[in-house]
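The values are calculated or read from the model by the stated rules, or taken from the named source; none is laboratory data. The structure presented is a predicted model; accordingly, all values stated were derived computationally and were not measured. Cβ placement follows ideal geometry from the backbone for every residue including glycine, while neighbour counts extend to all protein chains displayed. For the accessible areas, the whole protein counts, side chains as well, though only heavy atoms, and no ligand, DNA or RNA atoms are used. Shrake-Rupley method; radii C 1.70, N 1.55, O 1.52, S 1.80 Å.
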Amino acid sequence: MTTQPKRKEIYKYNAPWIVYGMSWSVRPDKRFRLAVGSFIEEYSNKVQIIQLDETHGEFTVQSTFDHPYPTTKIIWIPDDKGHYPDLVATSGDYLRIWRVANGEVRLEALLNNNKNSDYCAPLTSFDWNEVDPNILGTSSIDTTCTIWGLETGQPLGRVQGNVKTQLIAHDKEVYDIAFSRACGGRDLFASVGGDGSVRMFDLRHLEHSTIIYEEPHHIGLLRLAWNKQDPNYLATFAVESLETVILDMRMPCTPVARLSNHRAPVNGIAWAPHSSCHICTSADDHQALIWDIQQMPRAIEDPILAYTAEGEINNVQWATNQPDWISISYNKSIEILRV
């Protein structure tokens, strides 16, 4: 009688450089595949695509490709059916779309909206629209957000990109952008920035935006994330803040919950893909904390799960098509944790 080896709860990958950008592949035939980006303070960064070999319990590097500046964000195309070409996007100086095929990675499109070619305003983040994978949005330090239309075309055709619209989104740098799934999904997005506000936009009516929250001391807001199951909720946190704020779109301006058990600045947030009441936060205190927020608006005192890493966690991602797994990055390491 043979017994199946018991799957581990934690798998670790050590990269040759400090890791920052990180993303789980969504394709059904690519379980346990991640793209990871280096953080090297010069013009010679890398992106690796790694795959967990489930039989040996180790990550293998499938490909490595050059990337000029560190990736501020990496996202695989939100294609859970495997209908589109196998694409991964990165932001840094520009938005780049890469195609992965037969172990090779090639640059498909470099999307640049800078009219003045002498200067490029770095991109702080971007999001890929899950309802319509032909739409992406980027955020920049030049106070703007740009919405891109992508033509993924046929599997053999080149991917093309064009500017659908560019808008001044904030009074200062824009640090993050995220599409909402509300109202059928596609058209609503929010952004956060150095002016300390969360602003809501509608692609159908871009002449005005709605401020849904302002940080009381006007400290910049660094990241935002929409609840994957209930688009009424989003999470954000301020620069150097120890707490994550949960907002309810139906009652804007006043946080409905504050998650405040970290002992050092928060760096990352990730909502569960399969549950409306679970969220993971990560911070410089080496901790990744999972919270159950279903008691809101009663105070959420403590996380339900806590994991301590060997370094300051700078990124956390929850696998969309494998909701039992989250990934964290710290120093030169990636860990995936069964939750």
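Summary of computed values
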| item | result |
| --- | --- |
| Selected residue [under 30 Å from Gly57 (Cβ atoms) and either aliphatic (A, V, I, L, M) or more than 18 Å from the chain's Cα centre (by Cα) (or both)] from Ala264, Ala309 | Ala309 |
| Test: Asp195 is outside any strand (DSSP E or B), surrounded by 15 or more Cβ atoms within 10 Å (Cβ to Cβ) and over 17 Å from the mean Cα position of the chain (by Cα) | yes |
| Entirely in the range 1-108, the strands (runs of 3 or more DSSP E) that have 3 or more residues that are within 27 Å of Val174 (Cα to Cα) and under 17 Å from the mean Cα position of the chain (by Cα) | 19-24, 33-38, 73-76, 87-91, 95-101 |
| Test for Ile177: is it crowded, with 20+ Cβ neighbours inside 10 Å and not in a loop (DSSP other than H, G, I, E, B) | yes |
| The listed residue being open to solvent by 40 Å² or more (accessible area, probe 1.4 Å) and at pLDDT 95 or above, out of Asn267, Asn315, Asn321 | Asn267 |
| Qualifying positions in the range 134-161 - modelled with pLDDT under 65 and open to solvent by 60 Å² or more (accessible area, probe 1.4 Å) | Gln154, Pro155, Leu156, Arg158 |
| Where a residue in the range 37-61 is farther than 21 Å from Leu337 by Cα and aliphatic (A, V, I, L, M) and its partner, wherever it lies, is assigned to a strand (DSSP E or B) and open to solvent by 50 Å² or more (accessible area, probe 1.4 Å), with Cβ under 9 Å and at least six apart | Ile40/Lys46; Val47/Thr64; Val47/Asp66 |
| Total residues in the range 113-123, condition at pLDDT 85 or above and either of a type in the set (Phe, Trp, Tyr) or in a loop (DSSP other than H, G, I, E, B) (or both) | 1 |
| Odd one out for Phe59, checked against (1) surrounded by fewer than 17 Cβ atoms within 10 Å (Cβ to Cβ); (2) in contact with a strand residue (DSSP E or B) (Cβ under 7 Å, 6 or more places away or on another chain) | (1) |
| Condition broken by Thr165, with the remaining ones in (1) of a type outside the set (Gly, Ala, Ser); (2) open to solvent by 60 Å² or more (accessible area, probe 1.4 Å); (3) modelled with pLDDT under 90; (4) in contact with a Ser or Thr (Cβ under 9 Å, 6 or more places away or on another chain) satisfied | (2) |
| Filter result (in a loop (DSSP other than H, G, I, E, B), touching a residue at least 12 places away in the same chain (Cβ under 8 Å) and within 19 Å of Arg250 (Cα to Cα)) within the range 204-222 | Ser209, Glu215 |
| Residues of the range 239-286 that turn out to be assigned to a loop (DSSP other than H, G, I, E, B) and not aliphatic (A, V, I, L, M), as a count | 21 |
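Conditions (1) farther than 23 Å from Trp318 by Cα; (2) crowded, with 23+ Cβ neighbours inside 10 Å, marked per residue:
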site	(1), (2)
Gly185	no, no
Ser191	no, yes
Leu206	yes, no
Ser209	yes, no
Glu215	yes, no
Lys228	no, no
Asn232	no, no
Thr236	no, yes
Glu240	no, no
